[in-house]
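Worksheet for the structure shown next.
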Amino acid sequence: MESAGVAEDGARVGEPGAAVGIGTRPAPREHVAHGWLRTARDYAALTKPRIIVLLLWTTLTTMYVADPSGPAASVVFWTLVGGYLAAGGAGAINHYLDRDRDARMQRTSTRPLPAGRISPARGLVFGIALGLVSIVLLAITVNVLTAALSLAGLVGYVVVYTVWLKPRTPQNIVIGGAAGAVPPLVGWAAATGSLSAEALIPFAIVFLWTPPHFWALSLMIKDDYAKTGVPMLPVVSGERTTRRQILAYTVVLVLASLLPVVTGLLGALYLAVAAALGIAFVGLAARLVLRPGERAALQLYLASLAYLALLFGAMATDSVLG
């Protein structure tokens, strides 16, 4: 058949174009476009977009808690853009630092760096560039305090958590969770130009939410952590202790979620939502203790995402409606 005599570059065998690539036809435009699209997707994956969406949600909603009348649209826009770049830069640098561990874990082995689709050096430069652009952008378009807090979150995640805590202590996610709790502070500072004691409440909620959320995931992939030598709590202290710690942190989290009502920051609408979400979340954590298993851990992990999103949504709604 005719197709059997066609080389990969489209030149027929025996024709000049089929010899050692001389005179080969240029790659079809759609192939070039697809190549660029795949590369763009890989660079986007370095920013960990699925994680950033929730972080930006806590930033946005806190802005309306801090300023119920609503910040200027331009402030909201640039805060979210700068926040994405800062968190994305931290994520890309994290990919660079964790590339060897990622290559040994089934869940992460196909990421762009361990899979070889992006070179480590380019991944690192990309992350640093995003971080620098975010700080300059926020300082110019929002305010210096917002930029400084974003920088603190980036450094906390990259240096404190990834480099220092993650390979050394099972409390890595507890202490390092402070970096992930910075976005509400960023939102508050962007909306008001300052920080108050009340700004620490949404920060504390995300801080206390991080251990049960992440430990539920670590229960499902503890073998990968053990294989790579990362001392996550299920690896070091066992699954039973981890499940109990999840329940304990969840109870404290739910109590902390009521602080906005105690301080008068928020009202009855938020109280009703926070109480309902808290009861459901504690119930799932208790079930994980009483009926352990991967399914229960997965349900708690997914529920934790919905819990935080709905809780912060209720904060903003209550604040705006007064």
Net +/- balance of residues flanking residue 187 in space, Cβ distance below 14 Å, scoring K and R +1, D and E -1 = -2
note = Scoring region 28-101 by relative contact order with C-alpha pairs under 8 Å, at least six apart, yields a percentage of 44 percent
ask   = Which loop-located chymotrypsin sites (Phe, Trp or Tyr not before Pro) does region 67-174 contain, where loop means any DSSP state but H, G, I, E or B and the Cβ has at most 11 other Cβ atoms within 10 Å?
value = none
ask   = Under the rule of -39500 (n - 2.57) per DSSP H run of 4 or more residues, summed and divided by the residues of the chain, what mean residue ellipticity at 222 nm is obtained, to the nearest 500 deg cm²/dmol?
value = -23000 deg cm²/dmol
task = Only Cα pairs under 8 Å and at least 6 apart count here; give the relative contact order of region 221-315 as a rounded whole percent.
result = 25 percent
inquiry  = Compute the helix-to-body angle for 182-192: its Cα long axis versus the longest principal axis of the chain, expressed 0 to 90° and rounded to tens.
reply    = 70 degrees
request  = Determine, for 34, 213, the number of other Cβ atoms within 10 Å of each Cβ, and report the residues in order from fewest to most.
outcome  = 34, 213
message = Contact order normalised by length for the chain, with contacts defined as Cα pairs under 8 Å and 6 or more residues apart; what percent is it?
response = 18 percent
query = Tell me, how many Å apart are the Cα centres for region 212-256 and for region 168-191?
reply = 18 Å
remark   = Sorted on mean Cβ neighbours within 10 Å (highest first), peptides 279-292, 47-60 come out as 47-60, 279-292
remark   = Among (i) 138; (ii) 152; (iii) 178, the entry matching volume of the Cα convex hull per residue in Å³ as calculated here is (iii)
query = Ranked highest first by the average count of other Cβ atoms within 10 Å around their residues, in what order do 63-69, 37-43 fall?
reply = 63-69, 37-43
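Taken together, the values in this text are just the output of simple stated rules run on the coordinates, not laboratory data. Everything quoted here is computed from the prediction, not taken from an experiment. Every residue, glycine as well, gets a Cβ built from its backbone with ideal geometry; the counts of neighbours run over all protein chains shown.
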